[in-house]
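Notes follow the structure.
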Amino acid sequence: MSAWDFDVDAYNEGWTLREKLSFWLQFAALAPSAHNNQPWDVAILEDGIIVRPNLELATAGIPRLTTVSLGAFVENFACAAEHFGFAVHMGKIPLSVPLSQLEIPLTVTWAGAKSDNPAFTGMTKRHTNRGLYQPEPLAETTLKTLGDMPREENVTLHFIDSVEDKEQIAEMAGRGLRTAVTMPGLRRELARFVKWEKEDSTVGMLVKAMVKNPVPSETGEQFILNGIDIPGEARFAYEKFRSTPLIVVVSTPQDDMPSWLAVGRTVQRFLNLAASLGLAHCIAAAPTEIPPFVPRMKRLLATEGRPQLTFRIGFPQDPSFTHQSPRRTVSSIAGE
């Protein structure tokens, strides 16, 4: 059975706290991550959990993306616990620490009342769709629901819907994809996380979720190294961001680990809420990760803050391009 298909109604009030923690971790494991690398491990304690990066799966050389992914994991865990009446308290995170030493302590206490957060229903519905979205503007009620969503402290969501601004971001997304699959180091990093279904991996992105009509190859890695149409995919990335009804860029005043975690939590909260409304999403790291693009993005946003992440949302033109990505099991990520 897919990790996405567990029985949400199986929760039992009479379970021990440890059993409840394990149940909530099923939701946490559905969080998105760079290349779907799922770079998290968990220690289960008597009163909560400690989340740590899995360095074997962490995106090479980019602690920002790994930490943002951990923030998304934390948000899903907290949202699940709060739905069943518990409060989750995150311990203080240092401004700067080597990724190998990062620990995120989460203490769980009874809150006395269950949360009625619509984002909860979106957790098991949230999927990336890398195809085109319907270009019509989103309804004002939808934009208000998304705009009113609570954010973590000092996190700003910039809604981009003008033709000129979307054109600029689309150009960065297209050039960024070309860079990612042209530079040997970045291409190898991507290739190790691309899989065909037949490879039966618990991590990585499925080729069929990335490319509509892929050239057959023995492995997903071989497809990225030898088979992908780089100019064609770059043009497609440009068109996807140019024609989308809404692009969201996330920024923070500071550029440190607490900020990255806050970005991950806010973005995940947003994506879950969007999924509950029937919206899909697609994240592009390039406009905020490739150094020459960062000052350009700051000018576009008219902000002194650090742009951290860019994604588009909308209703897919082709819902069949949405696929459930593989997931690590709770037993593989959790220990003492």
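The values are calculated or read from the model by the stated rules, or taken from the named source; none is laboratory data. Since the model is a prediction, treat every value here as computed from it, not as a measurement. All Cβ positions, even for glycine, are placed from backbone atoms using ideal geometry, and neighbour counts span all protein chains on display. The accessibility values were calculated without ligands, DNA or RNA, using every heavy atom of the protein model including side chains. Shrake-Rupley method; radii C 1.70, N 1.55, O 1.52, S 1.80 Å.
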Within the bounds of the range 171-192, is there any residue that is under 18 Å from HIS323 (Cβ atoms) and out of contact with any Leu (no Cβ under 6 Å at 6 or more places or on another chain)? yes
Subset of the range 314-336 that is within 18 Å of ALA31 (Cβ to Cβ) and in a strand (DSSP E or B) - its residue that is farthest from the chain's Cα centre (by Cα): ALA334
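Conditions tested, residue by residue: (1) open to solvent by 30 Å² or more (accessible area, probe 1.4 Å); (2) under 28 Å from LYS92 (Cα atoms); (3) part of a strand (DSSP E or B); (4) without any contact (Cβ under 8 Å) to a residue 40 or more places away in the chain.
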| residue | (1), (2), (3), (4) |
| --- | --- |
| PHE241 | no, no, no, no |
| SER251 | no, yes, yes, no |
| THR266 | no, yes, no, no |
| LEU271 | no, yes, no, no |
| ARG296 | yes, no, no, no |
| GLN308 | no, yes, yes, no |
| ARG312 | no, no, yes, no |
Taking the range 145-158, which residues are open to solvent by 70 Å² or more (accessible area, probe 1.4 Å) and touching a residue at least 24 places away in the same chain (Cβ under 8 Å)? PRO150, ARG151, GLU153, ASN154
Exactly one condition in (1) at pLDDT 95 or above; (2) touching a Lys or Arg at 6+ places or on another chain (Cβ under 9 Å); (3) of a type in the set (D, E, K, R) is not met by ASP318; state its number. (1)
Restricting the range 273-292 to residues that are modelled with pLDDT of 95 or more and either in a helix (DSSP H, G or I) or on the phi > 0 side of the Ramachandran plot (or both), which is surrounded by the most Cβ atoms within 10 Å (Cβ to Cβ)? ALA274
For the range 122-144, name all the residues that are in a helix (DSSP H, G or I) and within 16 Å of HIS281 (Cα to Cα). GLY122, THR142, LEU143
For the range 1-97, which fully contained strands (runs of 3 or more DSSP E) count at least 1 residues that are of a type in the set (D, E, K, R) and in contact with a strand residue (DSSP E or B) (Cβ under 9 Å, 6 or more places away or on another chain)? 40-44, 48-53
Would you say GLU56 is within 22 Å of GLU189 (Cα to Cα) and either among the acidic types (Asp, Glu) or surrounded by fewer than 18 Cβ atoms within 10 Å (Cβ to Cβ) (or both)? yes
